[in-house]
Amino acid sequence: MSVSSAASLSTEVVVLWLTLLVPALLGALAGCFPPRRMLPVLLIGAPLVLATLWLLHRVSVSGEFQGTWSPGGLLLHWRLNGLAGLLLLLTQLLLLASASYAVGHRQTFAVAERAYAGFWPLLGGLAVALGLIWVADDLLTLYAALELMGLCAVGMMLLPGKQEALVAGMRYLLYALVGSLAWLLGVALLLGASGRLDMAGLAANAAPGPVTGIAMALLAAGLLLKAAVFPLHGWLVPVHVSAWAPVSALHGALVVKASFFILMQLWQRLVADAVAAAWLLGLLGSLAVLWGGLQAWRADALKQMVAWSTVGQLGYLMLAFPLLAGTSAAVASLAWQATWLQLAGHALAKAAMFMAAGNLVLATGERHLSGLAGISRQLPLSLMTFGIAAVTLMGLPPSAGFTAKWLLLQAAILAGQWLWVAVLVAGTLLTAAYVFRVFRFAFAEDAPHHDVRVLPAGLDLIALLLALSALALGLGAEWPLALLREGGRP
């Protein structure tokens, strides 16, 4: 069901906007009264997850719904379909997990009171920005949400207050501003050519030609920079090395994916048949898989390895472009489903991996892999969580990563695009190589015992639940895939 105004869906609209905006209020309250225990955070955040599940149920029953709103005389558009609903649910779950983890992190790590209080308003702003990105249906709202997301993400990266964090955060800010400039130039060209900023109007009025092509190139360049897609990834690893574990978990799981989501929405509406450009993006994704995997294999520090892994894993998402452009309906359907399942599985697993890595670093005080030698005897649960998350990243059954890569393989074979098959195989082998480097050190029998700090049980439990969720998503993949088939494409 599709409507042009909010009147006939008042209950759904109210629930949707409460779900999107309440996190900002909660973040402001938590900034004034920083939480000291995990359980209250879980109890307060749980209703947002339940509300999102209810919205997803309404979408599955009635189809997508959309509408407009007019702040200050501007006409802005929004839309909630199966894909946006799934991403909103994923966001709520990861925000709740990261917020709860942050409380335990504060209990274990010497975080300054002011920095800890500042984390919560930034988290609330990030939640609002991500939610708006998933449901926005016009370029103006998307721009505002992108800027809010970038500012909150940079602010969270600066919270540690150390020199390395400040340098990395300012570099991140510079890259984000350059990406925003490219985005604005692209938007200006589209507005001048079509006179519209809403997605439907752009799709109807933006005629194929040089202006649309240049505009799309500028938009893509800005978004690829914000998403840290090879070769525009130089800012990503340094910011993760110095960031807090809950911040890295959110950033690696969601923030870099938001720009990819926007790029895919614009691409499908404006230049869906640009085969040559789609292949270029696919080649960039292939290089990301290989380069990110090699650098992760060579990394000496644990968080550095996980951050390079993010660079590589993002490359799989870029394979969607050549599989969607100029291919059959069957190939495009498989590629579409695989891409978003890969995104969701990676988000859950990467958040779990960053948290597990954070637990290992917090407990031992060691950042380097060699410093974790023999740690399996003292921190088996953290190491097991790291391994379960790695199952999804490697694409082993029964994880969401396996199901997504299987669908991608089918799409590539049906399309006769054998290069992507080779990339998927090589990427899986590289992932296994750098993951087993961690275990080679961790299971060293002749290593001395570490002086291990006792962590709150919730830190390991939250990370483990996220890692298991990535496996469960693979086992129950039919539900999200059905939502994507029925109402996920532009």
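The values are calculated or read from the model by the stated rules, or taken from the named source; none is laboratory data. Only a predicted model underlies this, so the values are computations on that prediction, with no experimental measurement involved. Cβ atoms come from the backbone with ideal geometry, glycine included; neighbour counts cover every protein chain shown. The area values use the complete protein model at the heavy-atom level, side chains included, leaving out ligands, DNA and RNA. Shrake-Rupley method; radii C 1.70, N 1.55, O 1.52, S 1.80 Å.
Below, the figures for the structure above:
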{"item": "Residue within the stretch 47-69 that is in a helix (DSSP H, G or I), under 20 Å from Ala467 (Cα atoms) and out of contact with any Phe, Trp or Tyr (no Cβ under 8 Å at 6 or more places or on another chain) present", "result": "yes"}
{"item": "Residue match in the stretch 237-250 (condition: more than 24 Å from Phe109 (Cβ to Cβ), touching a Lys or Arg at 6+ places or on another chain (Cβ under 7 Å) and modelled with pLDDT of 85 or more)", "result": "no"}
{"item": "Any hit, the stretch 436-453, residues being modelled with pLDDT under 90, within 22 Å of Val247 (Cβ to Cβ) and not in a helix (DSSP H, G or I)", "result": "yes"}
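Let's see how each residue does on (1) farther than 18 Å from Val289 by Cβ; (2) open to solvent by 20 Å² or more (accessible area, probe 1.4 Å):
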position: Gly365; (1), (2): yes, yes
position: Gly371; (1), (2): yes, no
position: Phe386; (1), (2): yes, no
position: Pro398; (1), (2): yes, yes
position: Lys405; (1), (2): no, no
position: Val423; (1), (2): no, no
position: Ala426; (1), (2): no, yes
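Each row is one residue, and each column tells you yes or no for (1) polar (S, T, N, Q); (2) farther than 18 Å from Ala97 by Cβ; (3) assigned to a helix (DSSP H, G or I); (4) over 23 Å from the mean Cα position of the chain (by Cα).
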residue	(1), (2), (3), (4)
Thr310	yes, no, yes, no
Tyr316	no, yes, yes, no
Val331	no, yes, yes, yes
Thr339	yes, yes, yes, no
Phe354	no, no, yes, no
Ala363	no, yes, yes, yes
Glu366	no, yes, no, yes
Leu393	no, no, yes, no
Pro397	no, yes, no, no
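Here is a yes/no grid of residues against (1) at pLDDT 95 or above; (2) open to solvent by 10 Å² or more (accessible area, probe 1.4 Å); (3) among the β-branched types (Val, Ile, Thr):
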{"site": "Leu76", "(1), (2), (3)": "no, yes, no"}
{"site": "Leu80", "(1), (2), (3)": "no, no, no"}
{"site": "Ala84", "(1), (2), (3)": "no, no, no"}
{"site": "Tyr101", "(1), (2), (3)": "no, no, no"}
{"site": "Gly104", "(1), (2), (3)": "no, no, no"}
{"site": "Phe109", "(1), (2), (3)": "no, yes, no"}
{"site": "Ala136", "(1), (2), (3)": "no, yes, no"}
{"site": "Thr141", "(1), (2), (3)": "no, yes, yes"}
{"site": "Leu146", "(1), (2), (3)": "no, no, no"}
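Conditions tested, residue by residue: (1) closer than 19 Å to Leu369 by Cβ; (2) in contact with a helix residue (DSSP H, G or I) (Cβ under 8 Å, 6 or more places away or on another chain); (3) of a type outside the set (A, V, I, L, M).
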| residue | (1), (2), (3) |
| --- | --- |
| Trp418 | no, yes, yes |
| Val421 | no, yes, no |
| Ala433 | yes, yes, no |
| Phe443 | yes, yes, yes |
| His449 | yes, yes, yes |
